[in-house]
1. Across segment A:119-136, which residue is nearest to the chain's Cα centre (by Cα) among those that are among the β-branched types (Val, Ile, Thr) and crowded, with 17+ Cβ neighbours inside 10 Å?
2. Could you please let me know if residue B:129 is surrounded by 23 or more Cβ atoms within 10 Å (Cβ to Cβ), within 14 Å of chain A (Cβ to nearest Cβ) and in contact (Cβ under 8 Å) with a residue 40 or more places away in the chain?
3. Can you find, within segment A:80-105, the residue that is nearest to the other protein chains (Cβ to nearest Cβ) among those that are part of a loop (DSSP other than H, G, I, E, B) and in contact (Cβ under 8 Å) with a residue 40 or more places away in the chain?
4. Which condition from (1) within 14 Å of chain A (Cβ to nearest Cβ); (2) assigned to a loop (DSSP other than H, G, I, E, B) is the one that residue B:177 breaks?
5. Condition first: open to solvent by less than 10 Å² (accessible area, probe 1.4 Å), modelled with pLDDT of 95 or more and not in a strand (DSSP E or B). Now tell me which residues in segment B:197-206 satisfy that.
6. Being hydroxyl-bearing (Ser, Thr, Tyr) and assigned to a loop (DSSP other than H, G, I, E, B), is that true of even one residue in segment A:32-45?
7. Please find, within segment B:67-81, the residue that is farthest from residue B:238 (Cα to Cα) out of those that are open to solvent by 10 Å² or more (accessible area, probe 1.4 Å) and not in a loop (DSSP other than H, G, I, E, B).
Amino acid sequence: MSPRLLPEPTPETRHFWDGCREGELRLQRCTECEGGSYFPPRPFCPRCGSRKVEVYPASGEAILYSYVINHRPRPDMGTEPHSIAVVQLAEGPRMMTNVVGCAQTPEALQLDMPLKVTFEKQTDDITLPFFTPAKG
Amino acid sequence: MKQKSVAVVGAAETTRLGKIPDQSLIGLHADAALNALADAGLKPSDIDGVATAGESPVALAHYLGITPTWADGTSVGGCSFMLHVRHAAAAINEGLCKTVLITHGESGRSRVGASGFARAPSSLMGQFEMPYGVTSPPTMFTVPVLRYLKARGYTVEDLATVAVIQREWAAKNPRASFKDPITVDDVLNSPMIAWPFRMLMCCLVTDGGGALILTSADRAKDFPRKPVYVLGTGESVETPLVSQMEDFTTSKAFRVSGKKAFDEAGIAHSDVDHLMIYDAFAHLPLYGLEDLGFVERGEAAAFVRERNTAIGGRLPMNTNGGGLSYMHSGMYGMYALQESVRQMRGIAPAQVEGAKISVCHGVGGMFAAAGTVIFSNEAP
C-alpha cells in the first residue's frame, strides 16, 4: 500500500495539526460576535470578519452526520471498503473524517450515532483525527 | 432589463462524442468552436470576446487566432459555462465586446492533454478532505446524500428512478452513450461505487466539447439561425469543501442562483416548458427541483416518480438523457446548455413541442457553485 496522502499544514492551520499530534481536537471561535465555533481553521471569523478569535480544545464528541462507503478505495487507503464520513461536532462545526473501530457497513454506521474522536499517528508531524462509536 | 438584450446565435457540440483518443483537450475546444462558428456563419476573426474553463482563455484565443477585447476564464467547475453566458451578456451590454465565443472541451475518458485531479496537500481540501480517502466525484458529491434521504424520507429507489427516466430520454437521442432501457432493479443491482451510490446512479466519463456564440439581440436577427434569447441568469458559489456545506439537504448556491435567474427573467415556474438540471449524480435533479422552487422540499422524489419530468410529463427534464446517459466529460454544463438551445430552436431529438421557455441549471465542484440560464425562443 502506498503511503497515505497526508496534509501539509500552513501557518493558518498549524495549531490544529499540532493539537492532533498532542491528542487534542482544537477548534476556533470568535470572541466578538455570537457566531460561535467554526472549521476549518482560519485566523478570522467567517461570520463577522473579526480577527479576534481564539483556539480552544473541543470535547471530541460528535454524531455521524452523513457518509458514503467507498467500495473503490484510493490506492493509499487499502483494498477494503471504508467510510468517508462527515461528523457534526458537539460544538457545532462539521468535519470530514473516517469512522473507525466498527464494521464499515450501512448497518453499523447509523446516522446520528454518537462518536468520539480518536487519533492515529501517521508521521512525526502528522496525526489524523478519526472518529469511533462512543458506545460499545 | 439588460440580460434580455443578448441572444445565442451559434451553438454546437464536437463532431464526435464519447471516446475520442485522437483529439487533445484543446483540440476538442477548437472542434466545438469551429462547429459553432459554422453554425453562426462566422469566422474566428469575427469573434472579439472569449470565455472558457478547463483551458486558459489565452490559449484558446491564440489557438483559434482570435484577438479578443474581452476574456473570461471563470472556472468554477461544470457550471462555469452558465456563468460565462451571464458574464458575456453583461460584457456585450456594457460594450466591451460584440460577439462572444464560449467553449468547452474535455478529454475526460481518453485523458489526452488533460491534467489530473490531485489537490495540493496544503490546500484546504488537501488538508481536511483528501486524507480521508476521497478520490473523484463519486466519493465527494455523494457525501451529503444519506442525510438528505433521511431528512426527506426519500429512498435509494428514488435515486434509481431518476436514472431510469434519464435513460428513457436517452433512448430518443441518437448521440446518447447509453440508450438501452433500464429498471430500478437494474440500477440497484449495478456495481457498488460508494454506498448508497451504484454505478448507474453516476454519470458517464466521456470525451467531447461544445461551444456557444452570443451577441446582442439587435444583431441576432441578422444571423442564419433563429436567435435563442437569454431571459435571465444567476450564479453563486458556496464552498470548495463538500463537508462544509451549510446544510446537506439543500444547496445554497442552487437557491441563490436560481432565484436570481427567475427574478431577472420575470417569469413564474408555471411558465417553464423545459428544464435541464445538471445530473452528474442521481440526487442532483432532486435537489434542483426543490432548490429552484419547482416543488416544495420533500416533494421532488414523488414528482419524478409520478413521471412529471418524463416523456409526456408536464415538466420535461434532461431531455438529452443527461449526464447519466447522454454524455459527461467532467464539466457537463455545456451539454445542458446545448440541449436547452436545441429545444428552443425546435431541433432536439426529443423535441418538446411548442416549448418557449427553457431553464438550464448547472452545478460546479461538489455543490461548490451553481449557474442558471433561462432561455426563450421569443424575443423579450
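1. At the first step, the residues of segment A:119-136 found to be among the β-branched types (Val, Ile, Thr) are A:123, A:126-127, A:132.
Imposing the further condition that a residue be crowded, with 17+ Cβ neighbours inside 10 Å reduces the set to A:126-127.
Working: A:126: 13, A:127: 11 Å.
My answer is A:127.
2. Working: surrounded by 23 or more Cβ atoms within 10 Å (Cβ to Cβ): yes; within 14 Å of chain A (Cβ to nearest Cβ): yes; in contact (Cβ under 8 Å) with a residue 40 or more places away in the chain: yes.
Here the answer is yes, as residue B:129 does meet what is asked.
3. Step one: filter segment A:80-105 for residues part of a loop (DSSP other than H, G, I, E, B), giving A:80-81, A:90-93, A:98, A:100-105.
Pick out the ones that are also in contact (Cβ under 8 Å) with a residue 40 or more places away in the chain and you get A:91-93.
Working: A:91: 15, A:92: 12, A:93: 8 Å.
If we take residues in segment A:80-105 being part of a loop (DSSP other than H, G, I, E, B) and in contact (Cβ under 8 Å) with a residue 40 or more places away in the chain, then A:93 is nearest to the other protein chains (Cβ to nearest Cβ).
4. (1)
5. Here is the first cut: in segment B:197-206, the ones open to solvent by less than 10 Å² (accessible area, probe 1.4 Å) are B:197, B:201, B:206.
After this cut, where a residue has to be modelled with pLDDT of 95 or more as well, the list is B:197, B:201.
Within segment B:197-206, just B:201 meets the criteria.
6. Taking segment A:32-45 first, the residues hydroxyl-bearing (Ser, Thr, Tyr) are A:37-38.
When the remaining residues are screened for being assigned to a loop (DSSP other than H, G, I, E, B), the result is none.
Among the residues of segment A:32-45, not one is hydroxyl-bearing (Ser, Thr, Tyr) and assigned to a loop (DSSP other than H, G, I, E, B), which makes the answer no.
7. Of the residues in segment B:67-81, the ones open to solvent by 10 Å² or more (accessible area, probe 1.4 Å) are B:67-77.
Imposing the further condition that a residue be not in a loop (DSSP other than H, G, I, E, B) reduces the set to B:70-72.
Numbers: B:70: 27, B:71: 24, B:72: 20 Å.
Only one residue tops the list, namely B:70.
Let's see how each residue does on (1) among the polar types (S, T, N, Q); (2) crowded, with 21+ Cβ neighbours inside 10 Å; (3) outside any strand (DSSP E or B):
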| position | (1), (2), (3) |
| --- | --- |
| B:208 | no, yes, no |
| B:213 | no, yes, no |
| B:226 | no, no, yes |
| B:235 | no, yes, no |
| B:243 | yes, yes, yes |
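The values are calculated or read from the model by the stated rules, or taken from the named source; none is laboratory data. Note that the coordinates shown come from a computational prediction; the quantities given were computed from them, not determined experimentally. Cβ: placed from backbone, ideal geometry, glycine included. Neighbour counts: every protein chain shown. Just so you know, the surface numbers come from the protein's heavy atoms only, side chains and all, with ligands and any DNA or RNA stripped out. Shrake-Rupley method; radii C 1.70, N 1.55, O 1.52, S 1.80 Å.
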